[in-house]
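Heads up, the thing below is written out as structure tokens.
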Amino acid sequence: IFEPANIIVTGGCGFIGSNFVHYVVREHPGVHVTVLDKLTYAGNPENIAGLPEDRVELVVGDVCDTGLLDRIVPGHDAIVHYAAESHNDNSIADPEPFLRTNVEGTYALLEAARKHGVRYHHVSTDEVYGDLALDDPARFTEETPYRPSSPYSSTKAASDMLVRAWHRTFGVRATISNCSNNYGPYQHVEKFIPRQVTNLIDGARPRLYGDGLNVRDWIHTEDHSSAVWAILTRGRAGETYLIGADGEKNNITVLREILKAFGRDEVIPSTHFSPIAQMNRHRSRQRIFTGSANGPSPFSAIRRPSSRAAGPSAGRTCP
Ligand code: NAD
Ligand code: TDX
């Protein structure tokens with residue numbers, strides 16, 4: 001078991017990164033976290049406000065800044081890389097920042113991990129596997145071929161490939177996790193669930209793309225955080241781990257549940273067009289904590305059956 005004392009969390013002021021910072025501070029009292037975040041439109045220091053100053057330090061900067069990395073990486077045991085341009089819609093409007101942060105930024109961090117001998121964990125997405133037909137019961141596995149659809153997912157796929165190469169070529173102690181759609185606190189309003197909630201609060205119509213039948217596996221950020229911690233501390237370098245929750249729902253079902261929580265019982269039809277509506281129709285639920293190609297996984301002992309009740313999300317419901 002790897003027991004880090006000082007970790008860098010990139011993107012720790014964003015949605016999932018900030019949830020991970022809260023998780024580490026609460027669950028692992030011996031660990032100090034340095035958050036490296038550029039504070040783009042998606043980053044908000046308020047997401048980590050109030051955490052003890054002796055446990056969490058915020059460094060405002062760009063993961064592409066190699067000089068900055070050379071200054072801050074020494075003295076840390078691990079980098080957990082969450083920072084990314086993360087929104088599919090934005091990647092269609094302007095792919096350039098996605099190339100820079102997601103690909104070039106990962107390259108800069110891998111080089112820093114190599115140079116300073118630091119453990120590296122790479123947070124990625126199930127979107128690298130593309131999508132399935134709506135009625136396809138298949139699950140993504142570590143062996144599923146990469147088939148990204150959007151500029152966003154293609155840059156995440158590219159960054160995953162860099163991580164694999166830096167492990168095999170240079171021996172960087174790197175792991176990758178590919179997780180499904182997260183819900184939870186601190187999510188930016190551009191994303192599906194907060195967008196519907198804020199629209200309802202503002203009295204605006206729900207904004208459903210296309211027919212609303214696209215399927216996602218939804219996982220609470222808390223479950224994602226505990227899985228990443230398990231992989232960071234117990235995962236094996238060079239391996240890829242899939243994180244999912246057996247929480248598949250289509251968009252219209254999620255919207256109905258939100259409407260119900262607001263005491264409204266009907267879905268207002270929307271014809272909002274987005275190229276995303278015809279992409280990523282169905283992203284499969286995934287197996288949980290399974291190891292990849294290089295023989296038996298350290299997680300085989302805790303491999304879960306696929307029933308919802310047995311997964312780490314048991315008891316949680318989609319908001
Ligand atoms: P987010 O957009 O909410 O947060 C991204 C954070 O990264 C922000 O704080 C932003 O300021 C920071 N950032 C962006 N560019 C940077 C740069 N060049 N240097 C330093 N910081 C920078 O994203 P999120 O939804 O929390 O996603 C976090 C990670 O998890 C991403 O790598 C994403 O691909 C992955 N992921 C997300 C989901 C999901 O459902 N949202 C699912 C699976 C994987
Ligand atoms: O207003 C909306 N209406 C709508 O119907 C929005 C914002 C989205 N949608 C649809 C599009 C998708 O089918 O909802 C679904 C989910 O959309 P997003 O919340 O934008 O997420 P998605 O495109 O699935 O990507 C998310 O999960 C995988 C994250 O943004 C990625 O960072 C992660 O890799």
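With respect to Ile252, is the statement that it is part of a helix (DSSP H, G or I) and touching a residue at least 60 places away in the same chain (Cβ under 8 Å) true? Before the answer, list the steps.
On the way: part of a helix (DSSP H, G or I): yes; touching a residue at least 60 places away in the same chain (Cβ under 8 Å): no.
No, not satisfied.
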Problem set entry | Every pair of residues 6+ apart whose Cβ atoms lie under 6 Å, when the first sits in segment 10-34 and is over 19 Å from Val73 (Cα atoms) and without any contact (Cβ under 8 Å) to a residue 40 or more places away in the chain while the second is buried (at least 18 other Cβ atoms within 10 Å of the Cβ) and not basic (Lys, Arg) | Val25/Leu51
Exercise. Taking Ile201 and the conditions (1) within 24 Å of Thr233 (Cβ to Cβ); (2) away from ligand 1 (no atom under 16 Å from the Cβ); (3) among the aliphatic types (A, V, I, L, M), which numbered condition does it fall short on, given that it satisfies the others?
Worked result: (1)
Seminar exercise, completed: Across (1) in contact (Cβ under 8 Å) with a residue 40 or more places away in the chain; (2) hydroxyl-bearing (Ser, Thr, Tyr); (3) more than 21 Å from Val24 (Cα to Cα); (4) outside any loop (DSSP other than H, G, I, E, B), Thr198 clears everything bar (1)
Seminar exercise, completed: Within segment 217-236, restricting to residues that are buried (at least 20 other Cβ atoms within 10 Å of the Cβ) and small (Gly, Ala, Ser), the one that is nearest to Arg119 (Cα to Cα) is Gly235
For this session: Kindly indicate whether any position in segment 201-218 is among the aliphatic types (A, V, I, L, M) and within 7 Å of ligand 2 (Cβ to nearest atom).
Result: yes
For this session: Output yes when any residue across segment 247-263 is touching a strand residue (DSSP E or B) at 6+ places or on another chain (Cβ under 7 Å), crowded, with 18+ Cβ neighbours inside 10 Å and either at pLDDT below 90 or over 22 Å from Asp126 (Cβ atoms) (or both), and no when none is.
Result: yes
Seminar exercise, completed: Scanning segment 5-43 residue by residue, those part of a loop (DSSP other than H, G, I, E, B) and more than 21 Å from the chain's Cα centre (by Cα) turn out to be Ala5, Pro29, Gly30, Val31
Exercise. Would you say Arg26 is of a type in the set (Lys, Arg) and either in contact with a strand residue (DSSP E or B) (Cβ under 7 Å, 6 or more places away or on another chain) or within 15 Å of ligand 1 (Cβ to nearest atom) (or both)?
Worked result: no
Exercise. Only one of (1) within 10 Å of ligand 2 (Cβ to nearest atom); (2) touching a residue at least 12 places away in the same chain (Cβ under 8 Å); (3) part of a loop (DSSP other than H, G, I, E, B) fails for Tyr186. Which number is that?
Worked result: (1)
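The values are calculated or read from the model by the stated rules, or taken from the named source; none is laboratory data. The model shown is predicted, which means the values in this text are computed figures rather than measured ones. Glycine gets a Cβ as well: all are built from the backbone with ideal geometry, and neighbour counts include every protein chain shown.
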